[in-house]
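The values are calculated or read from the model by the stated rules, or taken from the named source; none is laboratory data. Here the structure is a predicted model, which means the values were calculated and not measured. Methodologically, a virtual Cβ is constructed for each residue, glycine included, from the backbone with ideal geometry; neighbour enumeration extends over all protein chains shown. Remember, those area values only see protein heavy atoms, side chains included, never the ligands or the DNA or RNA. Shrake-Rupley method; radii C 1.70, N 1.55, O 1.52, S 1.80 Å.
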Amino acid sequence: MPAARLSLQRIISQLSAHYGKPGQPITTDPFELILLENVAYLVSDERREEAFNSLRKNAGTKPHEILAASNDDILKATKLGGMHPTQRVNRLREIALIAMNEFAGDLRQALTLALPKAKKALQKFPSIGEPSAEKILLFTRTYPVLGLDSNGLRVLRRLGFGEEKKNYTATYASVQGAIKDQLKKDFDWLIDAHILLRRHGKELCKTNRPLCEQCPVRKSCEYFKTGQYRVEAD
Ligand code: SF4
């Protein structure tokens, strides 16, 4: 008998039952999503949001506000966001300049482009590769794509979607190819799926020593069936 097809929708339902329905993203504005990505480095989500809220309060989150703000006001935010805070002040100014020069200060015009061009436009900004561009297009409810961060990608790969390739970009493309026919054309579902997969990757399906015995989707998981998690736990 052929093996049952791995169902993404079932996996997302099980993750939702385990973690609860995710809350709303802190912002759905495309420029703010780029700032959120860049205001902090290697910190928890809570700390990143704290840094972003400080930026909103002390400097503003519109391109002209970032350019008009003092270094000290921006630094109040980037200091909350981990190491190299001064570098990130310059980075946020660079982002504001790109928004002014390339998009007349309004990034929403990039969202009116066809999907490949919209992705390319967003990738003009620092730290925005294809996965982050897809996340922005999803969170702004522009295109029903399931942008995946590294946590979500690891979870789906271990479950058995797509193949491990020679580099991250190729693996990302392989996993996206494997899930594309199973995506709901429903922004709420896709946004929840992004958040749940990320959370699962951070809490249980961690890079090292995943906590497979506690995992709500272990019965469907290719990696679990190999028993590899036991070797890692030793
Ligand atoms: S069983 Fe383990 S490897 Fe598979 S999804 Fe769960 S935590 Fe990840």
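Key figures
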read-out	value
FRET efficiency, residue 86 to residue 57 (Cβ-Cβ, R0 30 Å, nearest 0.05)	0.95
Normalised alpha carbon radius of gyration of segment 111-193 [divisor 2.2 N^0.38 Å]	1.06
Accessible area expressed per residue, segment 178-234, with surrounding protein chains retained (probe 1.4 Å, Å²)	59
Residue-normalised accessible area of segment 1-97, given per residue in Å² at a 1.4 Å probe	55
Cβ-Cβ FRET estimate between residue 182 and residue 67, R0 fixed at 35 Å, reported to 0.05	0.20
Carbon/sulfur fraction of accessible area - the chain, other protein chains in place, 1.4 Å, %	50
Residue-normalised accessible area of segment 109-156, expressed per residue, 1.4 Å probe, Å²	38
Helix 150-159 vs. the chain, principal-axis angle (Cα, 0 to 90°, nearest 10)	10
Under Karplus coefficients 6.51, -1.76 and 1.60, residue-wise ³J(HN,Hα) of segment 162-171 in Hz, glycine/proline x	x, 10, 6, 10, 6, 8, 4, 4, 5, 5
222 nm mean residue ellipticity, helices alone, for the chain (DSSP H n ≥ 4; -39,500 (n - 2.57); rounded to 500)	-17500 deg cm²/dmol
Approximate spin-label separation residue 9-residue 214, in nm, with each point projected 7 Å along Cα-to-Cβ	3.1
Separation in nanometres of the label points that stand 7 Å from Cα toward Cβ, at residue 117 and residue 228	4.1
Test item: Cα-centred dipole of the chain, Lys/Arg +1 and Asp/Glu -1 on Cβ, debye	500
Label-point separation, residue 206 to residue 19 (7 Å along Cα→Cβ), nm	1.6
